[in-house]
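Structure, as structure tokens:
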Amino acid sequence: MMMKLKEYLEHSAGAVDKALNTFLPKEKEEPTTIHKAMRYSVFSGGKRVRPILAVEAARTCCGKPKDAMVAACAIELIHTYSLIHDDLPSMDDDDYRRGKPTCHRVFGEANAILAGDALLTLAFNIIAARMDPKRGAAVARELSEAAGTRGMVGGQAIDLEWQGDDVDTKTLNNIHMLKTAKLFEVSTKLGAVSAGAGRKAAAAMAAFGASVGMAFQMVDDIIDGDGYAKLYGEEKARRDCESLVLEAKAALAVFGRKAQRLKDIADYIEERRK
Ligand code: GRG
């Protein structure tokens, strides 16, 4: 019997939290302020969507959750760093995230910059220190591409270039694909790679993650009345989101019934818009 989805998501997020706790330096370790700042942002109520997808992708490829846990946590560390930096006064200048004061509001701007830097560095440290060298090298290469200027940072850079101007549909798609979807794509792909899956399975997982990532961003835009929803109107944004989730689920055909949980997560991501 499969666990109910909500129970499963809580259980999986709990396992990710436990692993993150072991990978992060303790608050008492010197220098304490930076370690407190890192932990403050990592444990401030994130949904853990990306690591949950990575772990479930590994399971779908006949691996065990622990095979993908290091890569999954590395992705969450990078996601957290991006949020800390995105909230800074020189970027979005936000005072609150997840209903709590942002890292720089609590620890000051300089410490928040350092906390982001340290989380990004730690992500690659845990991969190098805890993964099999060959698999770890592949994971580090994929993750650095997805997080760097050909992925998340690149998306943020294009977003900054357009700040204040009305973006066209092509540019908005590109920003969302790089800024959001790339990290989802690499999450499911690295789940497969960590489980030792072949190229075909890894490619199918990447296609699933990319479509789910775009759908996730559309849902975010629908909720905020921003981006796609503003540009296309809510109705079209909803329809496009539905198509993306269908596309995502179709990419999982090669896995047969083993992919049911991932399909349920894709549906759940779409449901958030309602
Ligand atoms: C500053 C290098 C750098 C990059 C910033 C990720 C990002 C790029 C900016 C954050 C702002 C934003 C709207 C990003 C789009 C992706 C997104 C919807 C992030 C929020 O992800 P959730 O909902 O966050 O998974 P939680 O709080 O659950 O962890």
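The values are calculated or read from the model by the stated rules, or taken from the named source; none is laboratory data. All values derive from a computational prediction rather than experimental measurement. Backbone-built Cβ (ideal geometry, glycine too); neighbour counts: all protein chains shown. These area figures cover heavy atoms from the full protein model, side chains too; ligands, DNA and RNA do not enter into them. Shrake-Rupley method; radii C 1.70, N 1.55, O 1.52, S 1.80 Å.
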Cβ contacts < 9 Å: first residue closer than 11 Å to ILE175 by Cβ and open to solvent by 50 Å² or more (accessible area, probe 1.4 Å), restricted to segment 153-165; second residue of a type in the set (A, V, I, L, M, F, W, C) and within 13 Å of the ligand (Cβ to nearest atom), any location; separation 6+ or different chain. Result? LEU160/MET91; TRP162/LEU172; TRP162/ILE175
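Among the listed residues ALA197, ALA206, identify the single one that is free of Cβ contacts under 8 Å to residues at least 24 places away in the same chain and open to solvent by less than 40 Å² (accessible area, probe 1.4 Å). Write out each step before concluding.
Values: ALA197 fails: free of Cβ contacts under 8 Å to residues at least 24 places away in the same chain.
Step by step, each of ALA197, ALA206 is checked, and only ALA206 is free of Cβ contacts under 8 Å to residues at least 24 places away in the same chain and open to solvent by less than 40 Å² (accessible area, probe 1.4 Å).
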Go through the residues of segment 187-207 one by one and say whether even a single one is within 14 Å of the ligand (Cβ to nearest atom), within 20 Å of the chain's Cα centre (by Cα) and at pLDDT 95 or above. yes
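Among the hydrophobic types (A, V, I, L, M, F, W, C) and open to solvent by less than 10 Å² (accessible area, probe 1.4 Å): which single residue out of LEU190, LEU244 fits that description?
From the options LEU190, LEU244, the qualifying one is LEU190.
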Complete set of residues in segment 13-36 that are touching a Lys or Arg at 6+ places or on another chain (Cβ under 8 Å), surrounded by fewer than 20 Cβ atoms within 10 Å (Cβ to Cβ) and either of a type in the set (D, E, K, R) or part of a loop (DSSP other than H, G, I, E, B) (or both): ASP17, GLU27
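Matching residues to (1) within 15 Å of the ligand (Cβ to nearest atom); (2) surrounded by 23 or more Cβ atoms within 10 Å (Cβ to Cβ):
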{"residue": "ALA72", "(1), (2)": "yes, yes"}
{"residue": "MET91", "(1), (2)": "yes, no"}
{"residue": "LEU120", "(1), (2)": "yes, no"}
{"residue": "ALA137", "(1), (2)": "no, no"}
Filter segment 48-66 down to residues that are surrounded by fewer than 24 Cβ atoms within 10 Å (Cβ to Cβ) and either more than 15 Å from the ligand (Cβ to nearest atom) or farther than 17 Å from LEU183 by Cβ (or both), then give me how many there are. 6
When segment 93-116 is examined, which residues are found to be within 17 Å of the chain's Cα centre (by Cα) and surrounded by 15 or more Cβ atoms within 10 Å (Cβ to Cβ)? ARG97, GLY116
